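Please treat every number below as a calculation from the coordinates, not as lab data. It should be emphasised that the depicted structure is a prediction, and the values quoted were computed from it without experimental measurement. Neighbour counts are summed over all protein chains in view; Cβ atoms, including those assigned to glycine, are modelled from backbone coordinates with ideal geometry.
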Amino acid sequence: MKRLEQGERHTVSLILNGVPRTGRADNRTLLSDFLRHELGATGTHVGCEHGVCGACTVRIDGAAARACLTLAVQAEGRRVDTVEGLAGKDGELNDLQQAFRRNHALQCGFCTPGILMSCSDFLERVPGPTEAQVRDMLSGHLCRCTGYTNIVKAVLETAAERQARREEEKHA
Amino acid sequence: MGIPTEHYTRKEKLGGVGCERRRKEDARFIQGKGNYVDDIKLPGMLHGDFVRSPYAHARIKSIDASAALALPGVHAVLTAKDLKPLNLHWMPTLAGDVQAVLADEKVGFQYQEVAFVVADDRYIAADAADMVKVEYEVLPCVSDPHRAMDPDAPEIRPDLAGKMQGAHSARKHHNHIFTWEVGDKAATDLAFSMAEVTVKEKIWYPRNHGSPLETCGAVAAFDKANGELKLWVTSQAPHVVRTVVAQLSGLDEARVHVVAPDVGGGFGVKVGIYPGYVCAIVASISLGRPVKWIEDRVEHLAATAFGRDYHMTGELAADKDGRIKALRVHVLADHGAFDSCADPSKWPAGFFNICTGSYDIKVAYVCVDGVYTNKAPGGVSYRCSFRVTEASYIIERMIDVLAQRLGIDKAEIRLRNFIKPEQFPYMSALGWEYDSGNYAEGLRKVLEACDYAGLRREQAEKRARGYLMGIGLSTFTEIVGAGPTKICDILGVGMFDSCEIRVHPTGSAIARFGTKDQGQSHRTTYAQILATEIGIPSENIMIEEGDTDTAPYGLGTYGSRSTPTAGAAAARAGRKIRAKARKIAAHLLEVSEDDLEWDVDRFVVKGVPDQMKTMKDIAWAAYNNVPPGLEPGLEAVDYYDPPNMTYPSGAYLCVVDIDRYTGEVKVRRFYALDDCGTRINPIIIDGQIHGGLTEAFAVAMGQELPYDKEGNLLGASLLDYFIPTAVETPKYETDFTVTPSPHHPIGAKGVGESPHVGGVSAFSNAVIDAFSHVGVTHIDMPYKSCNVWKMLHALGLDKRE
């Protein structure tokens, strides 16, 4: 592992939503601040900065992680995916985004980006989750507005849709 | 199912009141394209951070900022001394008190703002804040409000020394803020002295915090060349912020431009004006650069306005059949070091006098004493219309206490005391005119849906086997939609609200409002109200709020007031549009206005259905072919001063099971029936109810901001402060009755806060009901497992046979 000297400033390069991006960061710059203020990707939100609320969740090399508990320098050379990268190139909402909208799974919208990123990772790892598994995954996030029920519904619906699509593809 | 009629299809297409329209806000949020205050980045922008007091009560002997100022990247360190020449070291509060912007010679609570550091970025600002040396002389402190008015209690506010008349009443002690009395004391005392039964209970509603997921913040940008200030701010009431900023700064109000962009939840916390906003403004004016201030979560919980903290004593007088004869309540209200309560200015305890609830109580008396303590200021309404949750809690708890004393069923005692439908409009003993309600119908529906009798049988069986099961009821009445300007104002500005509509030539429209969404879905629901009124599909109606340069003046969104006030303004502005449209249609069709009738989206000549003009036709004509004497264009504005509040109500039932060995409370069932009058969008209503109930669950089961004797806040992070996750949060069943408000243009009452107001009592009553068979009449919230276990242990209920 590279050793960093105190007070050093670095050029950090990463792949943000499929696009190579470069910015400057101090040793201590949090990934959340780097994404938001250096790269201008403000879709990722900051709610507590101590790793509880989950609003800042992004995917690093596919795995959901707290951007507020990650240093920008740790993301050097890695793939970072954020809420801005979920929709298709033509702006078409993906199935999870559509399910959130359909099910009224958000209100003020502040926690939503982080929740969507956790759900994206989770649904790839756990394609047929139970409600209890979904709730357990969501427990890494705080939402003050919805009471979670509609979020759970949206995630389960997305999982079921994907399952159905997979079945169809198998039979096709 | 037959083929839908053409008329029905048109109505469906309109997407008006009552339809389950999907939210218009979501597309941006689910793509990360929202625009919250912290997303704003301006060229040359600097960042502010506070030096805060580690002590609850201390004199500031000196502040040495030299080391901080020497740090590269630091531009300024502001203290009270710098603000004094501008007369900005203190600011007025909404409650008629003043609050220190930066501590002036002494601090009154832990985490109080002492100095404001401005630097190139937030990291440097935080470093510099650590380097500011403040020398304190620690003073004796009062954190217990019951000790605040002891003769020898330390004086928290020497700035008020000798001022024996407060904003609301005479002050009887140096830590006394006000005494507020309502009702007939003599008649109440008499009713108590003659009553067959009286009950009394001390009930504390603990200090808690709304804590929206987005903390508070601001970006101030002063343009020296033009003398104009632009302020982006996390505000539920941007127009009020503009007026207050203009008054404070001396800037012409026309040169102050306030924008509340997307707001990540508010829950009352974002109504007031905080020192951070003022410091960002001052720093921007003095440095000539934009300045951003975003508080962190600890600052938010520790220094930004808390909710509740009411120490109440409730008393009921009744006859042996449980018919309530009188209510008496005394409250000791802990307001912290400054009275920064966000209530309408004339109401020091908000609308606490709604505490007669849903019951026909002939005489009542309420007395609230507000006191200063060495704690953070606040007293905002955490998703509740001005102390209504506290009011609802005391009566819903007390009626259970009375039922237990008399051995009357808790549902039955409510049915015996409800205000009856034929009594509306009902004048309460404490001065409110309830607009409409059908309380018994709601409760009966809930009891039946949940098989209440069956639940009580199950409870009896379980008790016999040593299990603890509780059934909680809450049949609450809210008072929202503040309010009539003759009784409600914020710093002198009447609490009306507004809507301005412009219909464009091609038949789409934009409408702007004086309220401000923080998740309530205004873009979706206001457009539905307008669609029904003006016959333009909601999909073609844009809704805007939050920008004081474009939106009409309004008092903002809190106290469930948006639908009752701005929603009414929408309906009325829409009717003005329709009235003008009728004139244009008559002109186009060459008939008299009286020959026309309105049909969903068009005017039709009576009896000649093919002779008609749609709103689309009329909109076009408004810009090129209006009748002689009529102005072109199709616009309207309405400032709505409500004639009365609205009174939403509900009946909630909660079932809990308690583990007698661990104290864990499990919510097995929660059934929520709400009556918010006319229902604009059932999906949005359900969403509001789910969210509000979850906050109520949080309050009942864990939220508190505890202080020790030295005034230290014991835990101000999300590791300490309870916000439930998807795992703890119960599931809810929702239901409704519809009793429209007779005075609201579309009969709507507002719903955002009902679930919080009614929910807390339901959870609380359920937990306490589980202990009713062993004589327990009250347990203070929050019902954390450890607290419940203590009760179980004290009663010996945790013993294994």
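For this structure, a couple of remarks:
- A straight chain from B:L69 to B:E196 at 0.36 nm per residue would run longer than the Cα-Cα distance by 38.5 nm.
- Dividing the helix sum by the residues of chain B, where each DSSP H run of 4 or more adds -39500 (n - 2.57), gives a mean residue ellipticity at 222 nm of -8000 deg cm²/dmol.
- Region A:9-84 - share of DSSP beta bridges that are antiparallel (%, nearest 5): 90 percent
- Packing-based order for B:587-599, B:47-59, B:760-772, using average beta carbon neighbours within 10 Å, highest first: B:760-772, B:47-59, B:587-599
- For B:K13 and A:L4, a Förster radius of 60 Å and the Cβ-Cβ distance give a FRET efficiency of 0.45, rounded to the nearest 0.05.
- Note on B:K731 and B:A225: the model spin-label points, each 7 Å out from Cα along the C-beta direction, lie 6.2 nm apart.
- Volume of the Cα convex hull of region A:95-171, divided per residue and given in Å³: 77 Å³
- Between A:E38 and B:K790, the C-beta separation translates, for a Förster distance of 45 Å, into a calculated FRET efficiency of about 0.35.
- Other protein chain C-beta atoms within 10 Å of residue C-beta, averaged over A:134-142: 4.
- Remark: relative contact order (chain B) = 16 percent; criterion is Cα-Cα distance under 8 angstrom and separation of 6 or more residues.
- From the alpha carbon centroid of region B:549-566 to that of region B:345-406 is 25 Å.
- Chain lengthening between B:A579 and B:A187 when straightened (0.36 nm per residue, less Cα-Cα): 136.0 nm
- Cleavage-rule hits (trypsin sites (Lys or Arg not before Pro)) in region B:143-236: DSSP loop, at most 14 neighbouring Cβ within 10 angstrom: B:K163, B:K172, B:K224
- Region B:196-287, relative contact order [Cα under 8 Å, separation at least 6], %: 35 percent
- Inter-part distance where region A:70-114 and region B:693-746 are each reduced to a Cα centre, Å: 27 Å
- In plain terms, the residue of B:Y467, A:Y148 with the fewest other Cβ atoms within 10 Å comes first and the most crowded comes last, giving B:Y467, A:Y148.
- By definition, a body whose alpha carbon gyration tensor gives a ≥ b ≥ c is prolate when a/c is 1.5 or more and a/b is larger than b/c, and chain A fits this prolate description.
- Local electrostatic count at B:R10 - Lys and Arg +1, Asp and Glu -1, tallied over other residues with Cβ under 11 Å: -1
- Here the spin labels are modelled as points 7 Å beyond Cα on the Cα-Cβ line, and at A:R79 and A:D61 they lie 1.1 nm apart.
- Simple rule: put +1 on each Lys or Arg Cβ and -1 on each Asp or Glu Cβ in chain B, find the dipole, and look at B:G454, B:M149, B:A76; the Cα lying farthest toward the positive end is B:G454.
- Averaged over peptide B:717-728, the number of partner chain Cβ atoms lying within 10 Å of each residue's Cβ comes to 6.
- Rounded, prolate or oblate (a/c below 1.5 giving rounded, otherwise prolate when a/b exceeds b/c) for the protein assembly as shown by Cα gyration tensor: rounded
- Percent RCO, i.e. relative contact order, over chain A, from Cα pairs under 8 Å lying at least 6 residues apart: 21 percent
- Least to most buried among B:V331, B:V665, B:V182 (fewest other Cβ within 10 Å first): B:V182, B:V665, B:V331
- Taking a ≥ b ≥ c as the square roots of the eigenvalues of the Cα gyration tensor, chain B is classed as oblate, since a/c reaches at least 1.5 and a/b does not exceed b/c.
- R0 of 30 Å, Cβ-Cβ distance B:E631-B:D549: FRET efficiency to nearest 0.05: 0.80
- Residue by residue along B:518-524, Cβ atoms of other protein chains within 10 Å of the local Cβ number 3 on average.
- Applying 0.36 nm per residue to the separation of B:N624 and B:L287 and subtracting their alpha-carbon distance, the gain on full extension is 116.2 nm.
- Of interest is the spacing of the C-alpha centroids, which for region B:423-481 and region B:166-214 amounts to 24 Å.
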